[in-house]
Amino acid sequence: TWLAGSTHSLSWFGNDPDGDALVYGVSYSNDGGGSWDLLVSGLTTTTFSIDVDALAGGSDVRFRVLATDGVNTVYDETADAISVPNKAPVPTISNPTTGQLFAPGALAVLNGNAADLEDGSLPGASLHWSSNVMGGLGTGTSLPMAGLTPGAHLITLTAIDSNGLASSVSVPI
């Protein structure tokens with residue numbers, strides 16, 4: 001098990017029978033080898049530092065090192081499963097902007113999105129808008145609002161991923 005906030009060093013040994021220089025690449029799978037993402041290529045050293053917080057979480061994480069001499073390519077994988085904690089989504093509000101003013105009854109369009117290391121881009125149904133004055137406003141990547149109560153509001157976008165992890169971002173208007 002690798003803990004959030006930790007860094008680990010992946011190391012390996014490689015040689016070429018006819019003495020050619022080897023170049024390495026490191027790939028990552030958070031689903032037991034079902035799919036692979038390239039982390040780095042073009043390495044000439046046999047170590048790579050891994051920031052756990054930059055990896056999608058999973059209970060069966062694997063690493064694959066590819067070695068090539070320019071003609072032949074081989075790879076090897078970590079033998080044992082590594083557990084990496086799931087990460088919360090990262091929501092972003094693109095509209096409204098901080099301090100933006102709206103006339104009473106004017107249309108305010110709330111726009112936002114969220115990315116998640118495990119799920120990718122989250123769908124609108126996973127994005128929940130609220131106001132500290134009015135409570136829940138609705139869901140979606142875009143939400144037109146024509147009836148905001150006059151006065152200062154803190155607009156919050158909360159994103160919830162498929163693992164139930166949530167995170168929020170707010171903007172005062």
Exercise. What about Thr46, is it modelled with pLDDT of 95 or more, open to solvent by 40 Å² or more (accessible area, probe 1.4 Å), touching a Ser or Thr at 6+ places or on another chain (Cβ under 7 Å) and over 30 Å from Ser162 (Cα atoms)?
Worked result: yes
Exercise. Within the stretch 134-173, can you find the residues that are open to solvent by 50 Å² or more (accessible area, probe 1.4 Å), modelled with pLDDT of 95 or more, among the β-branched types (Val, Ile, Thr) and not in a strand (DSSP E or B)?
Worked result: Thr141
Problem set entry | Given (1) of a type in the set (A, V, I, L, M); (2) under 30 Å from Ser9 (Cα atoms); (3) open to solvent by 70 Å² or more (accessible area, probe 1.4 Å), index of the condition Ala125 fails | (2)
Exercise. Among the residues of the stretch 115-133 satisfying the criterion of being touching a residue at least 40 places away in the same chain (Cβ under 8 Å) and in a loop (DSSP other than H, G, I, E, B), which is farthest from Ala56 (Cα to Cα)?
Worked result: Asp119
Seminar exercise, completed: Scanning the stretch 79-113 for residues that are in contact (Cβ under 8 Å) with a residue 60 or more places away in the chain and not in a loop (DSSP other than H, G, I, E, B), the one most open to solvent (accessible area, probe 1.4 Å) turns out to be Val90
For this session: Sort out which residues of the stretch 49-66 are open to solvent by less than 30 Å² (accessible area, probe 1.4 Å) and closer than 17 Å to Asp76 by Cα, and write them in order of number.
Result: Val61, Phe63, Val65
Seminar exercise, completed: All conditions in (1) open to solvent by 70 Å² or more (accessible area, probe 1.4 Å); (2) touching a residue at least 40 places away in the same chain (Cβ under 8 Å); (3) outside any strand (DSSP E or B) are true of Asp76 except (3)
Exercise. Can you name every residue in the stretch 5-17 that is open to solvent by less than 70 Å² (accessible area, probe 1.4 Å) and either over 26 Å from Glu118 (Cα atoms) or in a loop (DSSP other than H, G, I, E, B) (or both)?
Worked result: Gly5, Ser6, Trp12, Gly14, Asp16
Seminar exercise, completed: Scanning the stretch 18-71 residue by residue, those in a strand (DSSP E or B), within 20 Å of the chain's Cα centre (by Cα), more than 17 Å from Pro85 (Cα to Cα) and of a type outside the set (D, E, K, R) turn out to be Val26, Ser27, Leu38, Leu39, Val40, Ser49
Problem set entry | Hits in the stretch 25-35 - residues which are surrounded by fewer than 17 Cβ atoms within 10 Å (Cβ to Cβ) and touching a residue at least 24 places away in the same chain (Cβ under 8 Å) | Asp31, Gly32, Gly33
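The values are calculated or read from the model by the stated rules, or taken from the named source; none is laboratory data. For clarity, every value in this text was computed on a predicted model and none was experimentally measured. Heads up, the Cβs are rebuilt from the backbone with ideal geometry, glycines too, and the neighbour counts pull from every protein chain shown. In case anyone asks, the SASA skips ligands and DNA or RNA and just uses the protein heavy atoms, side chains included. Shrake-Rupley method; radii C 1.70, N 1.55, O 1.52, S 1.80 Å.
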